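One structure is given here, and the rest of the page talks about it.
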Amino acid sequence: MDFITQDSLYLCIDQGGHASRAIIFNHNGEMVTSAYSEVETEYPAKHFVELNAEDVIDSINNSIKKVLKNIGDKKDLIISAGLATQRSNIVCWNKETGKALSPVISWQDRRNTDWLEQFNNKNEHIHKVTGLFLSPHYGASKLRWCIENIPAVKNALDEKKLAFGPMASFITFRLVKEKVFVVDPVNASRTQLWNLKKHDWDEELLKLFDIPVAALPKCVPSVFNYGTLDIVGNNIPLRLVTGDQSAAMYAYGQIQADTAYVNTGTGAFLSRSSGPLQLYSRRLLTSIIFQDEEHKRIQNNYVLEGTINGAGSALEWLGKQYPDTNIYKKLPDWLDEIENPPLFLNGVSGLASPFWLPNFISKFNRQADIKEKSVAIIESIVFLLKACLDEMSKLSSPPEQIQISGGLATLDGLNQRLADLSTLPVYCSTECEATSRGTAYLLADQPSYWPEKEAGVWFKPENNIDLAKRYDDWMKLMLDNMRGVNN
């Protein structure tokens, strides 16, 4: 890596479900400039969620070009770049030409649920090996589907030209001059094929799911020489690749053991650090969030994680039923106005932590208007986070505070409800986009002088008896409906 000075700049690429962002930070942790380019998410069939792979690459290149133009001659001060992506997205491509052979299949996609059910008796073993529960949201079933259903993928496999795996690996392959075919541990782990203890592909699971290891990228640490970005004549070393949720935890420096971290967007993700230890819960994920083998040290960081699939995606689901209403714009007022919303059983994009039912049917417990339904969806997100917090507390002492970030963290009504129900103070920074900031912190080698929490808002818990009652009623309804699904 180039010599770090106080003038050093870092390019952070954040590829999300709706846009690719490029953000430049200085070495003091301050955002210098940013740019983004939209990407359209497509829903070609029931349970299918895709992005056009070439559009994703174009959007990244466009956002980088915009941000470099913004800083002019200062672009020469960029000493390294980092990439953070949605973790469970997969894509297939030709390893010789780099051409995409499939769309990017989103983490929300559940197209191969039925095929995956034949392995239900292996769920406990899969959890022990990978930290994940058997689920169509992760990469293995998606990769198998591509082999069986996309002729170009099957042909490339037969010709030994197939490359596939996490979207992060595809993006890296296409962006760097060296065409490096590698994958970081965070994104590799979301394929459900990666051994959490060995930090490599698991031979037994590859055989179980019939996935050819020759088509998968080489596993490397999070911090690695991934190659060189050649953007409008600027050679920038790509030094870090990770997942969006993992990077977000580092937004304000070192991860605190007494803090539960929530990042919201299309989904909502709750994480609690276990440091170098791998803790296992019956209903939560064990996830790696960072691996560094530079500086003559080996650093592995793990978390217990709860995933809620229906966060922003649940509001989008409702918005399709009311296309003439701007829900996001009106939500802050509705959250203040509605005192007794219905209960929403939230299985949008599949019910994840801590229940794990991919085919759970979403529904409200009574008739309601759009205002009440919108508030009910927000409360369902808070309820699911509370259920995950309770699971975490079975393995360790409860956290002392919650730190929330992401798009939905701008909703004070959500943050206050989370504080009230959890009985924990909730901190929300004025800068809610944590992924890029965390990426910059890791690129800067986790400096001790990195600024701690910027000016933000603390939401102190209040005695909200009505909300607690709705949570109890919601939990009973969830369990009753789950019994119906299982029967």
Taking the stretch 421-443 and keeping only residues that are surrounded by fewer than 22 Cβ atoms within 10 Å (Cβ to Cβ) and in contact with a strand residue (DSSP E or B) (Cβ under 9 Å, 6 or more places away or on another chain), one is left with S422, L424, P425, Y427, S429, T430, E431, C432
When restricted to V104, V91, the only residue under 30 Å from I23 (Cα atoms), of a type outside the set (F, W, Y) and in contact with a Phe, Trp or Tyr (Cβ under 6 Å, 6 or more places away or on another chain) is V91
Checking the conditions here, which among K99, K75, K66, K95 is more than 30 Å from G310 (Cα to Cα) and either in contact with a helix residue (DSSP H, G or I) (Cβ under 7 Å, 6 or more places away or on another chain) or not assigned by TED's automatic domain parsing to the domain that holds P166 (or both)? K75
Within the stretch 316-328, is there a residue that is over 20 Å from D472 (Cα atoms), touching a residue at least 60 places away in the same chain (Cβ under 8 Å) and either in the same structural domain as N415 (by TED's automatic domain parsing) or not hydrophobic (A, V, I, L, M, F, W, C) (or both)? no
Is it the case that the stretch 297-306 has a residue that's among the basic types (K, R) and touching a residue at least 12 places away in the same chain (Cβ under 8 Å)? no
Filter pass, D109 being buried (at least 16 other Cβ atoms within 10 Å of the Cβ) and among the acidic types (D, E): yes
List the strands (runs of 3 or more DSSP E) inside the stretch 391-487, counting only whole elements, that have at least 2 residues being touching a residue at least 12 places away in the same chain (Cβ under 8 Å), polar (S, T, N, Q) and not assigned by TED's automatic domain parsing to the domain that holds I64. 401-406
Among helices (runs of 4 or more DSSP H) entirely inside the stretch 117-235, those with 2 or more residues being assigned by TED's automatic domain parsing to the domain that holds G98, without any contact (Cβ under 8 Å) to a residue 40 or more places away in the chain and of a type outside the set (A, V, I, L, M, F, W, C) are 123-130, 139-149, 151-158, 203-209
Which number in (1) in a helix (DSSP H, G or I); (2) among the charged types (D, E, K, R); (3) surrounded by fewer than 16 Cβ atoms within 10 Å (Cβ to Cβ); (4) modelled with pLDDT of 95 or more marks the one condition that K74 misses? (4)
If you go through the stretch 244-256 one residue at a time, do you hit one that is in a strand (DSSP E or B), within 29 Å of G347 (Cβ to Cβ) and either under 11 Å from the mean Cα position of the chain (by Cα) or hydrophobic (A, V, I, L, M, F, W, C) (or both)? no
Could you list, in sequence order, all residues of the stretch 388-409 that are of a type outside the set (D, E), surrounded by fewer than 20 Cβ atoms within 10 Å (Cβ to Cβ) and at pLDDT 95 or above? Q401
When the stretch 256-273 is examined, which residues are found to be aliphatic (A, V, I, L, M) and surrounded by fewer than 24 Cβ atoms within 10 Å (Cβ to Cβ)? A257
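Let's see how each residue does on (1) of a type outside the set (K, R); (2) in contact with a His (Cβ under 9 Å, 6 or more places away or on another chain); (3) surrounded by fewer than 18 Cβ atoms within 10 Å (Cβ to Cβ):
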| site | (1), (2), (3) |
| --- | --- |
| S8 | yes, yes, no |
| D14 | yes, no, no |
| S20 | yes, no, no |
| N28 | yes, no, yes |
| E38 | yes, yes, yes |
| Y43 | yes, no, yes |
| V49 | yes, no, no |
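The values are calculated or read from the model by the stated rules, or taken from the named source; none is laboratory data. If you're wondering where the values come from, they're calculated on a predicted model, not measured in any experiment. Glycine gets a Cβ as well: all are built from the backbone with ideal geometry, and neighbour counts include every protein chain shown.
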